[in-house]
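Visitor: Once you've had a glance at the structure underneath, I'll fire off some questions.
The values are calculated or read from the model by the stated rules, or taken from the named source; none is laboratory data. All values derive from a computational prediction rather than experimental measurement. Every residue, glycine among them, receives a Cβ derived from its backbone with ideal geometry; neighbour counts consider all protein chains shown. Just the protein is used for accessible areas: all its heavy atoms, side chains included, with ligands, DNA and RNA removed. Shrake-Rupley method; radii C 1.70, N 1.55, O 1.52, S 1.80 Å.
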Amino acid sequence: MPDRFAAGDRVRTGTVDPPHHTRLPRYARGVCGEVVATAGHHPLADERARGLPSTPRAVYCVRFAAHDLFGEGDHAVVVELFEDYLEPAEREVRR
Amino acid sequence: MSATHDATHDEAPIAARVRHVEALLEQRGWLAPGEVDERIDALAAGGSPANGAAIVARAWVDPGFRARLLADANTAIGELGLSMAGGLQEQQLIVVANGPDEHHVVVCTLCSCYPIALLGPSPGWYKSEAYRSRVVREPRAVLREFGLELPASTRITVWDASAESRYMVLPRRPAGTDDLDEGRLAALVTRKGLIGTAAV
C-alpha cells in the first residue's frame, strides 16, 4: 500500500481516545500540522500492544506550531505519528 | 525541576507488578531466569555518551560526514563502527542539527524512548513526568532551568520520540575550538548536549 502522505502535506490528527494503547499523545489530538518526513514503516503500535496482527504502514514526523497545540508558545513540536492517526487537512485552522 | 535534581519516582507498585509477571512467565517456562537482565545488558552493552560525542566531533570536522549523518544517520554512524541494531531490531536514528538561530531538544512524552547505544542509559530527569510534560509546552522555560538561556530570536523545535525512531541532537561547535583535534572536540560534548538540554 503506497504512503498516504509526503513531506509538505497538511494533516489533522484524530480525536478518538481509544480504550487501548496508542502512540498518539493526548496533547496532539485534533490538531493540524505539516508532514516533514517519513520515518520508516512499522506495524501499528495500537495493534501490536493488543497482540493483533499488523502490517507495516508509514510513520511520519509531523510538525505542529505550539500555538496550535497549547494555545500559546512560539516553538514547534515534531511528533512521530502512525499514518492511521492522520487525515488530510486542506488548510491551517487556528483555534 | 533543576538539571542536577533527579525526579523522584513512585515506582514501587510497578516494580512489584513487573516482578510478579516475570515470576509467572518463568513458572510457565516462557522466560528463562535472568533473561530480562541479560536482554537489558545486551541492549546497553557499549552504550555510552562517548559514542554520541564521537559522532558529533566527526560531524564538526568533516562536512561530508555531517551531510551524510543528517541525511541517513543509521548508515553514517557505521563509518565510526557504531550501530542502532543492538536491540531486537535496528531502530531508525534521526539526527537534528542546531544552527545559529535554531535549537532542538528531544523528549519522549509517552514513555522514555532514547538512543541508548549512543547516549548510554538515560538520566532520571529524562524519564520524569515533569520533563516529559513540560518541555513540549514550555521548552524555553525548561531549558532555562537547565542553565541554557537561548536568545528570544532562537527558534526551538521539540522532537517527541512518540513512535519508532530515536533522536539525537547535533550541537553547534563552540567558538574558539579551531585548534582542537577530533578527540579533544569529542571531550567537549555532554549527554545533555546530545539531548538538547545544554548547548554542547
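Visitor: Would you confirm, using the coordinates I've provided, whether residue B:121 is surrounded by fewer than 19 Cβ atoms within 10 Å (Cβ to Cβ) and in the same structural domain as residue B:91 (by TED's automatic domain parsing)?
Guide: yes
Visitor: So residue B:143 passes all but one of these: (1) within 14 Å of chain A (Cβ to nearest Cβ); (2) crowded, with 16+ Cβ neighbours inside 10 Å; (3) assigned to a loop (DSSP other than H, G, I, E, B). Which condition number does it fail?
Guide: The one condition residue B:143 does not meet is (3).
Visitor: Would you be able to tell me the number of residues in region B:95-107 that are touching a helix residue (DSSP H, G or I) at 6+ places or on another chain (Cβ under 7 Å) and either surrounded by fewer than 23 Cβ atoms within 10 Å (Cβ to Cβ) or of a type in the set (Lys, Arg) (or both)?
Guide: Qualifying residue count for the region: 1.
Visitor: On to the next question. Report whether or not residue A:89 is open to solvent by 30 Å² or more (accessible area, probe 1.4 Å) and either in contact (Cβ under 8 Å) with a residue 12 or more places away in the chain or aliphatic (A, V, I, L, M) (or both).
Guide: So residue A:89 fails the test.
Visitor: Since residue A:41 meets every condition but one in (1) within 23 Å of residue B:111 (Cα to Cα); (2) away from every other protein chain (no Cβ under 11 Å), which condition does it not meet?
Guide: (2)
Visitor: Filter region B:46-82 for residues that are among the acidic types (Asp, Glu) and not in a helix (DSSP H, G or I); which is nearest to residue B:99 (Cα to Cα)?
Guide: B:62
Visitor: Among the residues of region B:23-61, write down those that are of a type in the set (D, E, K, R) and surrounded by fewer than 15 Cβ atoms within 10 Å (Cβ to Cβ).
Guide: Within region B:23-61, B:28, B:35, B:37, B:38, B:39, B:41 qualify.
Visitor: Also, I was wondering about something else. If I go through region B:76-117 residue by residue, how many of them are over 12 Å from the mean Cα position of the chain (by Cα) and within 29 Å of residue B:38 (Cβ to Cβ)?
Guide: Residues meeting the conditions: 17.
Visitor: Kindly evaluate residue B:88 against the criterion of being assigned by TED's automatic domain parsing to the domain that holds residue B:160, part of a loop (DSSP other than H, G, I, E, B) and either modelled with pLDDT of 95 or more or under 30 Å from residue B:180 (Cβ atoms) (or both).
Guide: no
Visitor: What are the pairs with Cβ atoms under 6 angstrom where one residue, in region B:173-199, is within 15 Å of residue B:49 (Cα to Cα) and the other, located anywhere, is open to solvent by 50 Å² or more (accessible area, probe 1.4 Å) and part of a loop (DSSP other than H, G, I, E, B)? Sequence gap at least six, or different chains.
Guide: Filtered contacts from region B:173-199: B:198/B:190.
Visitor: So, of the residues in region A:65-85 that are open to solvent by less than 30 Å² (accessible area, probe 1.4 Å) and outside any strand (DSSP E or B), which turns out to be farthest from the other protein chains (Cβ to nearest Cβ)?
Guide: A:68
Visitor: Here's another thing I want to ask about it. If we keep just the residues of region B:149-197 that are open to solvent by less than 20 Å² (accessible area, probe 1.4 Å) and touching a Ser or Thr at 6+ places or on another chain (Cβ under 8 Å), which is farthest from the other protein chains (Cβ to nearest Cβ)?
Guide: For region B:149-197, the residue satisfying everything is B:185.
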